[in-house]
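Take a look at the structure set out below.
The values are calculated or read from the model by the stated rules, or taken from the named source; none is laboratory data. These numbers come from a predicted model, not from an experiment. FYI the Cβ positions are ideal-geometry reconstructions off the backbone, even for glycines, and counts take in every protein chain you see.
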Amino acid sequence: MTKLRREGTRVLHRGLDALRAPLDARARAAHDRDFDPQAAAIAGEMPLTGKVAVLVTFQPQGMARSVLETCRFLDGAGYAVLVVVNAPLRASDRDLLLPLCWKVLPRPNRGYDFGGYRDGIRCLGEIASSRDSVLLVNDSIWLPIDKGTTLLNDLEADPAPFSGVALEKRAGRSRRRWHYQSFLLHFKGQALQSPAFRSYWQTMRLSDTKRVVLKHGEKGLSQAMFQAGLGGQGDATRSRLLASLTQQNNSFLHRTLAYAAYENPADLHQGQRLLDRYQDSDDWRRDALQHMKRLMEWLPFPAVFGFAAIRLLGVAYMKKTSTLIVYNGMRWQYLRAVAAGDLPPPPPDVLAELQQSRMEPRLTTDPIDLPPTHGASAR
């Protein structure tokens, strides 16, 4: 019955999306007629370089300090930062941003982050095709959580003209659903000069329905690039993490479980039992890896096994989302690992926001043979 219900929901959404498509097309045409991003952009104090980062923000309560840290990080990596502001821009925020940016673009909040990305690309205009790199990033992540990260260097060194930090290619899913998560995407010159890139942004569906944005934005952009042969040939990020875990010793696997976060009590109890019966043995190793593999097939891997994702894949970002697994453990466990010295500390402003974010340790394993931390004592 659940499968039938899901299929019925998909059919309903497909019909609703088709009905709304002409309305969205008219709204896009009206937006493009009434809003000129090149004219609306405010010049900042940083120069244009061969690399540009389009940073989309939605900060209706005022610009978070972590966004300024992201600007500094991008500037330090050689990127000219174009901050797209999807909320009313306060004069105080403008004054904070301009010394750190090439340009600041206030815009009407249409189309969520992909509407912001699109207007950022429109603001770049013809200069986009002559850049070495264009990075699309939004403020749904804290970036960086490690000042020493090589994340941007790794993206630039990737041979694919289009890449990102989180590639979704789950077993059993159609190739049409493969995509990079859209919070951090990278384009090289070959992609920027391609007809597929230009066509996508010209015809992108501008919608205020999140489901439509996910389908035609995050998934649609990746599919447009993949179909043009510009990326998507690598292994899924979760597959890379699992493969790397199989190369680690049992002590590292044990510590990965000690810093794990879970979505439900049954999985938590299984993880706790593995910790309780830890032995440096082949049997324990087999069970631990099977546990990890099963969870990574359907849970967001940076949330459930964040310690390993950061240590092994160099994940230098943390999602700000308030989904269950995130606030019921991921951030809590990350801060425990930082306090214990097992992970490098984030910049002070990022650390302060993390500490003030929603955190509950209800679905985390108890620390086993780990140094005490201020976070653990709060339990």
* Asked: Among the numbered criteria (1) under 22 Å from the mean Cα position of the chain (by Cα); (2) surrounded by 24 or more Cβ atoms within 10 Å (Cβ to Cβ), which single criterion is violated by Leu135?
  -> (2)
* To do: Could you grab me the full set of residues in region 47-66 that are within 13 Å of Val104 (Cα to Cα) and touching a strand residue (DSSP E or B) at 6+ places or on another chain (Cβ under 6 Å)?
  => Leu48, Val52, Ala53, Val54, Leu55, Val56, Thr57
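Would you pick out the residues in region 247-265 that are closer than 27 Å to Leu324 by Cβ, surrounded by fewer than 19 Cβ atoms within 10 Å (Cβ to Cβ) and modelled with pLDDT of 95 or more? Please lay out each step first, then the result.
Initially, region 247-265 is screened for residues closer than 27 Å to Leu324 by Cβ, giving 252-265.
Applying the additional criterion that residues be surrounded by fewer than 19 Cβ atoms within 10 Å (Cβ to Cβ) yields 252, 264-265.
Across region 247-265, the qualifying residue is only Phe252.
Filter region 81-91 down to residues that are touching a Pro at 6+ places or on another chain (Cβ under 8 Å) and surrounded by fewer than 22 Cβ atoms within 10 Å (Cβ to Cβ), then give me how many there are. Reasoning before the result, please.
Step one: list which residues in region 81-91 are touching a Pro at 6+ places or on another chain (Cβ under 8 Å), which gives 85, 87-89.
Restricting the remaining residues to those that are surrounded by fewer than 22 Cβ atoms within 10 Å (Cβ to Cβ) gives 87-89.
Total meeting the criteria: 3.
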* Filter region 113-170 down to the residues that are of a type in the set (A, V, I, L, M) and in a helix (DSSP H, G or I), then identify the one that is farthest from Met63 (Cα to Cα). => Ala157
* Which one of these is assigned by TED's automatic domain parsing to the domain that holds Phe307 and either in contact with a helix residue (DSSP H, G or I) (Cβ under 6 Å, 6 or more places away or on another chain) or surrounded by fewer than 22 Cβ atoms within 10 Å (Cβ to Cβ) (or both): Ser244, Ser182? -> Ser244
* To do: Go through (1) within 21 Å of Leu295 (Cβ to Cβ); (2) out of contact with any strand residue (DSSP E or B) (no Cβ under 8 Å at 6 or more places or on another chain); (3) modelled with pLDDT of 95 or more; (4) not hydrophobic (A, V, I, L, M, F, W, C) and name the single condition Tyr317 misses.
  => (2)
* Structure fact -> Trp142 vs (1) more than 30 Å from Glu69 (Cβ to Cβ); (2) among the hydrophobic types (A, V, I, L, M, F, W, C); (3) surrounded by 16 or more Cβ atoms within 10 Å (Cβ to Cβ); (4) modelled with pLDDT of 95 or more: all pass except (1)
* Long-range neighbours under 7 Å by Cβ, at least six apart or interchain, first residue without any contact (Cβ under 8 Å) to a residue 60 or more places away in the chain within region 28-52, second in a helix (DSSP H, G or I) -> Glu45/Leu98; Glu45/Pro99; Met46/Asp75; Met46/Leu100
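So that you can scan it fast, the table gives a plain yes or no per residue for (1) at pLDDT 95 or above; (2) surrounded by 19 or more Cβ atoms within 10 Å (Cβ to Cβ):
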| residue | (1), (2) |
| --- | --- |
| Arg20 | no, no |
| Arg28 | no, yes |
| Pro37 | yes, yes |
| Ala43 | yes, no |
| Leu48 | yes, no |
| Ala53 | yes, yes |
| Thr57 | yes, yes |
| Val67 | yes, yes |
